[in-house]
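Below: the structure, in structure tokens.
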DNA sequence: GTGGTCTAGACCACA
DNA sequence: GTGGTCTAGACCACG
């Protein structure tokens, strides 16, 4: 369900965070569903428990999951986010970086649009629920 | 013309690379135009010459600029890049990361579209040139 | 009467201890009154009997309650504690932590005073009894 | 300047976070001042660099400090905080816990008031600056 | 069993 | 030199 690329330049813990958020958006991970334990996920990936722990801690800080000591970690329900101006700025910067890079290797706006639409299809669950 | 944010998490040399490529796309830097010398740019930003050096090396590696011994560095002409499959993969991953993050802070697809269009306006030169 | 939050970072057994002491201060639990049995309270909360057991042990250690074999646990009478220097130190540290945190999120001294007064109103029983 | 108590039940990294925030409020650490490096502070306390790193990471997340790779960590300027409702709730809970504990060991409201005033004297810098 | 903390030691990218 | 990441292995409190 979650796979990581140990050769990627993006840190493993970051990849874990990303993949889990993606799976939630896709509707694969549902609210209050139990996550694999730190040790279990570490064994599956495989990676070090500390690395998974770091990812889980980050996810908890972002209120994507919540942890109960002795019980495990669970998907948080209802993410009601106010739009954070700083976060918006950061995303815009990152998007610009992507588009400049793409433009530079000869990927034009149409191709980009195509890719974006495809991503949105992936991360939108089939049964659309009203927010 | 180029401004960098030393507090940003993206490395300074990377910021320099990005900004120069962006300026080329915008038509502000033109083919065969002379770049400022390493020391000069380092003094302007301001940053460490080693950092600028690293940025220039990276730009040269990507064939965005070329160097002539004893003369300086110049903008390369005609970016005719075939689409590199690995690069495409990387950009797609990065785009997905952006969109997931955006989705999570409550930025919907329409808003994203708006931002992307704005970016394209920025990075497209006024006098459109055929490649 | 007692509610616990299983998602809180403070351990459940600690929450139970706190709530019981609070209820005693409020005059809701009276001296020599019988406490619910471990199993009963565990069923009510709901939580694990082991957790309630741990809370009761802690309360007994602090002489807040006393147990009679085969009868149950009861609220201790007259909390006449001399001021323990270590405990005082601990409370002072904890208070400082609270005030620093408060200061940092923009809660000023007046607001803090207001909150403290409100708490004292809550934990003071209506019929004031001389100790 | 910073001392930690390795026997305390509060984690070392948390103690570091607290002490640094306290020192900032006291006016001992000033905006844009350089912090000791991760390794240096670890050597001074003494503790493990990873523990200090964890503290610094947390401080950076809270925007109390900012880090520049290759340069070091620095005190952030101007903490303009909106009052977070959840944080307020957490602080109130924690304060209540303190007051109940205090009440229980025989520290009355007057004594508490005295302690609080003393803490406020400590954490308020001599030259009061308008926020 | 669970998550939380800490240590020791390593490697990397960056300035 | 700096901070950032990762591994291996340990101990603890909690439920």
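The values are calculated or read from the model by the stated rules, or taken from the named source; none is laboratory data. If you're wondering where the values come from, they're calculated on a predicted model, not measured in any experiment. Cβ placement follows ideal geometry from the backbone for every residue including glycine, while neighbour counts extend to all protein chains displayed.
Of note:
- Single unsatisfied condition, residue D:97 versus (1) more than 13 Å from DNA strand E (Cβ to nearest atom); (2) surrounded by 16 or more Cβ atoms within 10 Å (Cβ to Cβ); (3) more than 10 Å from chain C (Cβ to nearest Cβ): (3)
- Answer residue from segment A:63-72, given it is within 15 Å of DNA strand F (Cβ to nearest atom) and within 11 Å of another protein chain (Cβ to nearest Cβ) and is nearest to residue B:102 (Cα to Cα) among those: A:66
- Whichever residue in segment D:2-52 is in contact with a helix residue (DSSP H, G or I) (Cβ under 7 Å, 6 or more places away or on another chain) and under 19 Å from residue D:125 (Cβ atoms) and, among such residues, is modelled with the lowest pLDDT: D:2
- Any hit, segment D:76-91, residues being closer than 30 Å to residue C:17 by Cβ, more than 14 Å from the chain's Cα centre (by Cα) and either more than 14 Å from chain C (Cβ to nearest Cβ) or within 10 Å of DNA strand F (Cβ to nearest atom) (or both): no
- Count of segment B:100-124 residues, restricted to those that are assigned to a helix (DSSP H, G or I) and more than 7 Å from chain A (Cβ to nearest Cβ), is 9.
- Taken over segment B:19-30, the criterion of being within 14 Å of chain A (Cβ to nearest Cβ) and either touching a residue at least 24 places away in the same chain (Cβ under 8 Å) or closer than 11 Å to residue B:64 by Cβ (or both) is satisfied by B:20, B:21, B:22, B:23, B:24, B:25, B:26, B:27, B:28, B:29.
- Conditions (1) over 24 Å from residue A:107 (Cα atoms); (2) without any contact (Cβ under 8 Å) to a residue 24 or more places away in the chain; (3) within 14 Å of chain A (Cβ to nearest Cβ): number failed by residue B:43: (3)
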